[in-house]
Amino acid sequence: MGPDSRVIVRVECSVDHRGEGVPCAFFLRERRIEVLEVLDCWPGRDHRYFKIRGGDGGLYILRQDTPSGEWEITLFEQR
């Protein structure tokens with residue numbers, strides 16, 4: 001996915017033990033994809049990143065813009 005192909009998504013979050021939001025599901029258009037597993041997470045300067053395995057078998061990296069709260073998919077890999 002290049003910079004011109006941003007995929008903005010709506011994300012449902014649960015709260016972790018530190019009180020921070022962690023993705024538990026996200027929507028691609030009208031399709032809800034459950035997060036089966038958070039494989040990794042890391043901070044960036046203005047973003048938070050989550051590498052997740054979706055209920056559809058896909059591997060995703062979701063990125064949250066911390067100032068705006070907007071989420072996007074930065075990587076998708078289907079198995």
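Among the residues of region 68-79, count how many are exposed (fewer than 13 other Cβ atoms within 10 Å of the Cβ) and either of a type in the set (Ser, Thr, Tyr) or outside any loop (DSSP other than H, G, I, E, B) (or both).
Pass one, region 68-79, residues exposed (fewer than 13 other Cβ atoms within 10 Å of the Cβ): 68-69, 77-79.
Subset that is either of a type in the set (Ser, Thr, Tyr) or outside any loop (DSSP other than H, G, I, E, B) (or both): 68, 77.
Final tally of qualifying residues: 2.
For residues that are at pLDDT 90 or above, surrounded by 12 or more Cβ atoms within 10 Å (Cβ to Cβ) and small (Gly, Ala, Ser), scanning just region 1-54, find the one that is nearest to residue 67 (Cα to Cα).
25
For region 52-60, check the following and say yes or no: at least one residue is free of Cβ contacts under 8 Å to residues at least 24 places away in the same chain and out of contact with any strand residue (DSSP E or B) (no Cβ under 6 Å at 6 or more places or on another chain).
yes
Would you pick out the residues in region 49-67 that are within 10 Å of residue 78 (Cα to Cα) and assigned to a loop (DSSP other than H, G, I, E, B)?
Once the filter is applied, which keeps residues that are within 10 Å of residue 78 (Cα to Cα) and assigned to a loop (DSSP other than H, G, I, E, B), region 49-67 yields 56, 57, 58.
The values are calculated or read from the model by the stated rules, or taken from the named source; none is laboratory data. Computed from a prediction, not measured in an experiment: that's the story for all the values here. Positions of Cβ are generated from backbone atoms using ideal geometry, with glycine treated the same way; all protein chains shown enter the neighbour counts.
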